[in-house]
Amino acid sequence: MSASPTPDSVLRRLEWTVIRRLDGLLHGDYRTLFRGYGLDLADLREYQLHDDVRHIDWNVTARMQTPYVREFNEEREVAAWFLLDLSPSVDFGSQNVRKRAVSSEFVTVLARLLTRHGNRVGALFYGGEVDTMIPTRSGRRHVLHILHEMLSRPVVTLAQPTDLNVLLRTGYDVVKRRSLVFLISDFISAPGWERPLSNFARRHEVLAVRLYDPLEVELPDLGLFVIQDAETGEQLFVDSHDRGFRRRFADVAERREKALRTAFRQAGVDALELGTDGDLVDAILRFADLRKRRSQLAAGGLPQHLVTS
């Protein structure tokens with residue numbers, strides 16, 4: 001029986017297979033990925049095309065009868081938090097890869113990319129309750145510490161149903177300074193987490209990272225087998241030869257997909273899908289694209305009353 005990989009071996013593998021590839025693909029997108037949040041007023045100047053309209057100083061604009069914007073010195077450091085759902089349902093995987101493994105690799109790569117640029121990362125672990133809090137720090141050793149805590153957690157076979165409310169409310173209390181927050185979960189949870197997510201997103205920039213397995217979306221014809229709820233242990237004997245059953249399964253999955261997309265949209269949160277059959281580099285590049293588009297949308301355009309005819 002082969003020994004489990006050590007955190008150092010996992011990180012070295014990801015540095016070689018993923019981070020090395022991203023270095024050649026992201027190019028100048030690192031600034032978009034890891035833009036800081038602390039801003040100090042530096043100067044005032046006349047508005048120019050493509051300036052962020054949120055930086056218009058309306059008092060000066062009224063006095064000068066022409067639009068003026070504030071210029072800021074940006075604090076370069078980013079504080080990032082990983083809010084990790086490590087409940088039993090994330091131990092499922094039909095592709096020889098479990099959702100937990102996808103989560104740990106994503107966290108490791110993002111944490112290393114962030115800390116290599118001098119930023120700090122922290123984490124909250126949820127497994128029925130928030131049982132672990134790792135404060136924000138920088139450096140490769142800190143990334144190894146987070147990865148070690150993820151890999152060393154025992155697999156829980158039975159638990160109470162997941163309640164993301166607990167993770168979000170705890171995160172809201174713990175994360176004080178404006179931060180980049182990754183909420184990583186399969187979102188198989190008790191209802192009611194949507195409002196806490198919306199409240200969280202008003203204070204921080206939140207990215208929902210949704211873990212999934214293809215078998216949770218579409219059930220193939222596998223014959224007779226037993227489905228077991230990973231958290232409650234409840235079992236159900238099903239016949240997947242039945243086309244009607246597979247269609248009902250797909251309908252339920254589609255309704256859940258729509259409900260999740262609606263919840264993220266109403267909370268003003270971008271969502272990144274991570275499948276057990278996906279490519280991690282593609283996922284990071286999608287994240288970079290989300291950040292870039294978010295930055296472009298935030299810049300907006302001139303208000304209509306300032307547009308000259």
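Here are the numbers for the structure shown:
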quantity	calculated
Neighbour-count ranking [beta-carbon atoms within 10 angstrom, fewest first] of Asp163, Asp277	Asp277, Asp163
Per-residue Cβ neighbour rank within 10 angstrom, fewest leading, Arg120, Arg294	Arg294, Arg120
Positive-end extreme of charge dipole, region 93-178 - chosen from Ser138, Gly128, Ala101 (charges on Cβ)	Ser138
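A short reminder: the numbers here are calculations on the coordinates, not readings from a lab. Nothing here was measured: the structure is a model prediction, and the numbers come from that model. Ideal geometry is used to build each Cβ from the backbone, glycine not excepted, and the neighbour counts take in all protein chains shown.
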